[in-house]
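These notes concern the structure reproduced below.
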Amino acid sequence: MSKKALIVIDMLRDFIEPCGKLYIGPTAEKVTQAISEEIEKARSYGTPIIYLCDSHSEDDPEFRMFPPHCVIGTPGAEVVDELRPHPGDKIIPKRRYSGFFQTDLDLTLRELDIDEVVLVGVCTNICNLYTAADARMLNYKVTALKECMSSFDEAAHEFALKEMEQTLGVKVV
């Protein structure tokens, strides 16, 4: 029997709040509500919840492509109030798109004996896609909840969901 974890990706103030540095736009409220419901379901089943959080230094090379965002110690790097982690939830900072790249995510999942991850969060075409790709490369089963994902680019969001499903074998529901 599969053991799942819910992975909440970058539901941070800089992406979700209108004053955020990389605000995803009007879908933010809808996706936040949908993720809140999934978190509550996961809690009721005892499913581990892991928050992946962009966590950049002030001079991060990523800022050559995107405006500075989610800088360590700033309000923009905090999980939005509606989705605040509870005691026992895992919080894993990340500096790159994939939640697996030079983080403790794989180790954490293996310590919890997880073999399936359910992905929610933002941005579909960036951190969600690359986290899904690395999860598949590490032989995890992956489910992406499309109503719980969004991006500031709708076409890229749709492309990423299709890529996850058709190329990576992710179950998109």
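Coordinate-derived values only; no laboratory data. These numbers come from a predicted model, not from an experiment. Methodologically, a virtual Cβ is constructed for each residue, glycine included, from the backbone with ideal geometry; neighbour enumeration extends over all protein chains shown.
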Regarding segment 111-125, can at least one residue be identified that is over 24 Å from E29 (Cβ atoms), in contact (Cβ under 8 Å) with a residue 24 or more places away in the chain and part of a helix (DSSP H, G or I)?
no
Hey, any hits in segment 58-67 for a residue that's surrounded by 14 or more Cβ atoms within 10 Å (Cβ to Cβ), within 21 Å of E165 (Cα to Cα) and among the aromatic types (F, W, Y)?
no
Subset of segment 66-90, residues closer than 15 Å to F15 by Cβ, part of a loop (DSSP other than H, G, I, E, B) and over 17 Å from the mean Cα position of the chain (by Cα), comes to F66, P67, P68, T74
Of the residues in segment 86-98, those that are surrounded by 16 or more Cβ atoms within 10 Å (Cβ to Cβ) and not hydrophobic (A, V, I, L, M, F, W, C) come to D89, K90, P93, K94, R95, R96, Y97, S98
Conditions (1) free of Cβ contacts under 8 Å to residues at least 40 places away in the same chain; (2) over 21 Å from K94 (Cβ atoms); number of the one not met by D60:
(2)
For segment 38-65, how many residues meet the condition of being under 30 Å from V173 (Cα atoms) and assigned to a loop (DSSP other than H, G, I, E, B)?
4
Out of curiosity, is A144 among the small types (G, A, S) and surrounded by fewer than 21 Cβ atoms within 10 Å (Cβ to Cβ)?
no
